[in-house]
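Structure first, commentary second.
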Amino acid sequence: MCLTIQLHPINVPIGIYISASDSVWLSSTSSVMRFSHSNTYQSIQNKHSVQMGIFMTLRKTMTTRHASKASKEENRLPMAPLLALAMTGFICIITETLPAGLLPQMALGLNVSSSLAGQTVTAYALGSLLAAIPLTIATQGWRRRTVLLMTIAGFLIFNSVTAWSSSYWLTLTARFFAGVAAGLAWSLLAGYARRMVPPAQQGKALAVAMVGTPIALSLGVPLGTWLGGVAGWRSTFSVMSALTLILIVWVLAKVPDYPGQASQDRLPLRKVFTTPGVKPVLAVVIAWMLAHNILYTYIAPFIRQAGLLHQVDWVLLTFGVAALVAIFIVGRLVDHYLRPAVLVSLATFALIALLFIWLSGSALFICIGVAVWGLTFGGAATLLQTALADTAGDGADVALSMNVVAWNSAIAGGGLAGGALLNWWGTSAFPPVMLLLLLAGFVIAWSARTHGFRPGSRRTKSG
């Protein structure tokens, strides 16, 4: 005897076969089940019970599979849009630092001294400092992709002007407005990356969005300097404009758009700055980045005492590769171990600074120390911006614009402080000053346990 049951809505035909020995076989295209008890024949009298039992089992299996698949898809980061943000950061860093490697060529092309050509870097930093906060506040209500495209278009226009200009003052003006675009971009990127993912993945998303920075520092700047030497400095800026055009298409195709912040949700600058925890995080940014930039800006004279002056490109490559590795490490730690990661990074960098006091003449230790320094620095942007955005809540965009100001102030301050130390006491003064700054940053981070750098997993909320 055979009964065929068509299960709906999944349409799996089940054949029920009853043998002479009263055994029951349930067969389908995927499986066969046998019931051999003597009372099995009685049990199939209620065909609806059999059908529903099989259906519920199959439905449970399929639901589990679909739930597992949905969970995997939910945990998958949107890499294409996040990498577009990383590319934006890459262009920010390259545009800022290119003149440092092309000063002789730019000075010759613009018919000015190298010191005046160097002011193109200063103009860029000044634009970022002055524009970050006011432009972020002014564009809070704008759609996010519109603001992102506006900043990228700024790079396209002003890098193109730099490439074509033969006037020093026009070039200086273009550099200033390129810095303005960068100030707004840096204020936007972290918040944009966080909005693309659930709260529990915001740290990982930010790590991906920040990967452009170490790539630019380790590979982009040396390549740009090499290209400038081969094809001319104007060609290098033209290449940057071409990359910007590609990025505009990428953003339009892959980056989702989000509304700006509603007027009732916006917090005034003063309230954001006085939010508990914001000031300690900004203080750590300044202390940490001052120490970093004293060494990074004057790395060439610092490693000269170890006989590595002619290997400065390899030393910087070592730093950049280590920083790139750190990005991926921090991406795995930031959502659950943000506070320990910050404290360990500061303490390790402080230890390297301490050892540099006695071992800066050793080429081997310089290489090891630079690699460890890169590991402590690579995840700094992710850690500090995540801590600041979490602390500021609805004021995250404004707080992140303050971070741009603090970061760029530390870059400028590191250059000024390092130059003064170099002139007065030489490179031997770098490690002690760095050590003091890093210890100050460590104490501030350690003290900001309640607000700023809280222990445990990040406390997040959607939106």
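The values are calculated or read from the model by the stated rules, or taken from the named source; none is laboratory data. No experiment lies behind these values; they were computed from the predicted model shown. So basically every Cβ, Gly included, is an ideal-geometry build from the backbone, and we count neighbours across all protein chains shown. We work out accessible area using only protein heavy atoms, side chains counted, and drop any ligands, DNA or RNA first. Shrake-Rupley method; radii C 1.70, N 1.55, O 1.52, S 1.80 Å.
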Would you please give the FRET efficiency between LEU343 and SER167, computed as 1/(1 + (r/R0)^6) with r the Cβ-Cβ distance and R0 = 45 Å, to the nearest 0.05? 0.35
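Report the Stokes-Einstein translational diffusion coefficient (µm² s⁻¹, integer) for the stretch 133-289, Rh taken as the Kirkwood radius over Cα pairs, at 4 °C with viscosity 1.567 mPa s.
Values: Rh = 17.8 Å.
The Stokes-Einstein estimate is 73 µm²/s.
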Expected unfolding gain across ALA100-SER114 under the 0.36 nm per residue rule, minus the alpha-carbon gap, is 4.0 nm
Simple spin-label estimate for ASP265 and GLN311 in nanometres, 7 Å along Cα-Cβ: 5.3 nm
Sequence order, the stretch 184-194: Karplus ³J(HN,Hα) from phi using 6.51 cos²θ - 1.76 cosθ + 1.60, θ = phi - 60°, Hz rounded, Gly and Pro as x, gives 5, 4, 5, 5, 8, 4, 5, x, 5, 4, 5
Summarise the accessible area of the stretch 165-273 (1.4 Å probe, protein heavy atoms) by the percent that is carbon and sulfur. 70 percent
Accessible area (Å², per residue) of the stretch 235-376, counting only protein heavy atoms and a probe of 1.4 Å: 46 Å²
Which distance in Å, rounded to a whole number, links the C-alpha centroids of the stretch 211-272 and the stretch 150-188? 11 Å
Rounded to the nearest 10 Å², what accessible area does ASP313 show when all protein chains are kept and the probe is 1.4 Å? 80 Å²
Give the accessible surface of the stretch 85-176 per residue, rounded to a whole number of Å², with probe radius 1.4 Å and ligands, DNA and RNA excluded. 39 Å²
Gain on full stretching of the segment that runs from TRP446 to ILE329 - 0.36 nm per residue minus C-alpha separation: 40.0 nm
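Which trypsin sites (Lys or Arg not before Pro) from the stretch 126-202 combine a DSSP loop assignment with at most 16 other Cβ atoms within 10 Å? Show your work: numbers first, answer last.
Working: sites: ARG143, ARG144, ARG145, ARG175, ARG194, ARG195; in loops: ARG143.
For trypsin sites (Lys or Arg not before Pro) across the stretch 126-202 that sit outside H, G, I, E and B with at most 16 neighbouring Cβ atoms in 10 Å, the list reads ARG143.
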Placing one identical point scatterer on every Cα of the stretch 200-356 and ignoring solvent, what is log10 I(q)/I(0) from the Debye formula at q = 0.11, 0.12, 0.13 Å⁻¹? -0.70, -0.82, -0.95
Solvent-accessible area, 1.4 Å probe, carbon plus sulfur percent, for the stretch 368-463: 65 percent
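If the viscosity is 1.002 mPa s and the temperature 20 °C, what Stokes-Einstein diffusion coefficient in µm²/s follows for the stretch 230-323 when Rh is the Kirkwood radius over Cα pairs? Kindly include the intermediate steps, with their values, before the conclusion.
Working: Rh = 18.7 Å.
Stokes-Einstein gives a translational diffusion coefficient of 115 µm²/s.
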Under the Karplus relation 6.51 cos²θ - 1.76 cosθ + 1.60, θ = phi - 60°, what is the ordered set of whole-Hz ³J(HN,Hα) values for the stretch 166-177, x standing for Gly and Pro? 10, 9, 4, 6, 5, 4, 4, 5, 4, 5, 4, 6
Rh by Kirkwood over Cα pairs, then Stokes-Einstein D for the stretch 359-463 at 0.890 mPa s and 25 °C, µm²/s: 151 µm²/s
Using bins 5 angstrom wide from zero, how does P(r) for the stretch 156-213 break down, in % of all Cα pairs? 4, 18, 19, 14, 12, 11, 10, 7, 4, 1, 0
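Divide the volume of the convex hull of the Cα atoms of the stretch 90-189 by its number of residues and quote the answer in cubic angstrom per residue. Please list the in-between numbers first.
Working: hull volume 7.8 nm³, N = 100.
With only Cα atoms used, the stretch 90-189 gives 78 Å³ per residue.
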In sequence order, what are the phi-derived ³J(HN,Hα) couplings for the stretch 367-380 according to the Karplus relation 6.51 cos²θ - 1.76 cosθ + 1.60 with θ = phi - 60°, rounded to whole Hz, with x for glycine and proline? 5, 5, x, 5, 5, 5, 4, x, 5, 6, 8, x, x, 4
